[in-house]
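Coordinate-derived values only; no laboratory data. Because the structure is predicted, anything quoted here is derived from the model rather than measured. Cβ placement follows ideal geometry from the backbone for every residue including glycine, while neighbour counts extend to all protein chains displayed.
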Amino acid sequence: MHVRLGVNVDHVATLRQARGTLYPDPVTAASLAEMAGADQVTLHLREDRRHIQERDLRLMRQTVTTRLNLEMAATQEMLKLAFEHKPDTVTLVPERREELTTEGGLDVAMQRDALKRFVRSLQDADIFTSLFIDPDLDQVRAAHKVDAQAVELHTGKYCEARDHKERSLEMQRLTDSAKAAHKLGMRVYAGHGLHYHNVQPLLDIVEIEEYNIGHSIIGRAVLVGMETAVRDMVAILRRTAR
Ligand code: PXP
């Protein structure tokens, strides 16, 4: 089994929303990503609809042929939309209106009972459920207690580390959390802030089976095209890059 790539197409929608045009279409980007070897398409329908719209979710559900991973906040509005559109996976993320992007992981331990009910509702609808958490052993254990099938480890701090010492510390936290989650029987994914250079050392953490990457791929796609940008990342994850 190879390490899987989920391509997050939110920022194609960011460019579209900046002018209120019909282009560029994240639905087209999703198809191109799949043709270039992506294993999954990821999209985040935010409460404030700043990039992805419900129309994008509806059309991607009809056109994505690999797997569709919907990132969303644990709210009743989003639960209804998940039931309606049936993505393959839901990744529960924290959401604050004023944030630039998803700045930290879910505090699962703080909202255990509510999250447990939420995860159960999604699983009853046959939707695989992952929780986006910081690489922290307490959060990993809490995710297991609410019956999450997977955790996506937040790699933001690792990506922002300013020196070797900080980076090694974050790498260790990711390694320990990945091992603990795997041991508890959960699937382990990772994402946030990853680009063509900083993702490579993480590939030594064999428990991580999927990466969800958006900004760096879309940023490169603007210059070299979507297919090349996705293929370059696929080659790195499969360790076939020259
Ligand atoms: N995974 C999750 C759960 C996210 O919230 C995001 C950001 O939307 C990503 C992955 C992708 O992050 P980036 O755009 O920095 O690659």
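I need the GluC sites (Glu not before Pro) found in the stretch 1-91, filtered to DSSP loop residues with at most 16 other beta carbons within 10 Å of theirs. Walk me through the intermediate numbers first.
Values: sites: Glu34, Glu47, Glu54, Glu71, Glu77, Glu84; in loops: Glu47.
For GluC sites (Glu not before Pro) across the stretch 1-91 that sit outside H, G, I, E and B with at most 16 neighbouring Cβ atoms in 10 Å, the list reads Glu47.
List the equivalent ellipsoid semi-axes of the stretch 1-85 in whole Å, largest first, each obtained as the square root of 5λ for an eigenvalue λ of the Cα gyration tensor.
Working: eigenvalues 79, 59, 23 Å².
In descending order, the three semi-axes are 20, 17, 11 Å.
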Item to check | Unit Cα scatterers, Debye sum, the stretch 111-242: log10 I(q)/I(0) for q = 0.11 Å⁻¹ | outcome: -0.43
Checklist entry - Leaving out same-chain residues fewer than 8 places away, which lysines sit with a Cα under 23 Å from that of Lys86? => result Lys116
Checklist entry - Counting each DSSP H run of 4 or more residues in the chain as -39500 (n - 2.57), what helix-only mean residue ellipticity at 222 nm follows after dividing by all residues, to the nearest 500 deg cm²/dmol? => result -13500 deg cm²/dmol
Checklist entry - Fully extended, how many nm does the chain gain between Asp232 and Ala161 (0.36 nm per residue separation, minus their Cα-Cα distance)? => result 23.2 nm
Checklist entry - Amide H to amide H under 5 Å from Glu152: which residues, 5+ apart in sequence or cross-chain, H placed 1.01 Å off N in plane? => result Leu131, Phe132, Ile133, Tyr189
Next on the checklist: Restricting to Cα pairs below 8 Å that are 6+ residues apart, what does the relative contact order work out to for the chain? Please round to a whole percent.
Outcome noted: 20
Checklist outcome for this item: Within the stretch 1-26, the residues whose backbone N lies under 20 Å from a label point placed 7 Å from the Cα of Arg61 along the Cα-to-Cβ direction are 7-10, 13, 26
Item to check | Hypothetical label at Arg49: residues of the stretch 79-94 whose amide nitrogen lies under 18 Å (7 Å Cα-Cβ projection) | outcome: 79-85
Checklist entry - How high is the relative contact order of the stretch 1-129, in percent, with contacts defined as C-alpha pairs under 8 Å that are six or more residues apart? => result 19
Checklist outcome for this item: Restricting to Cα pairs under 8 Å and 6 or more apart, the percent relative contact order of the stretch 163-234 works out to 26
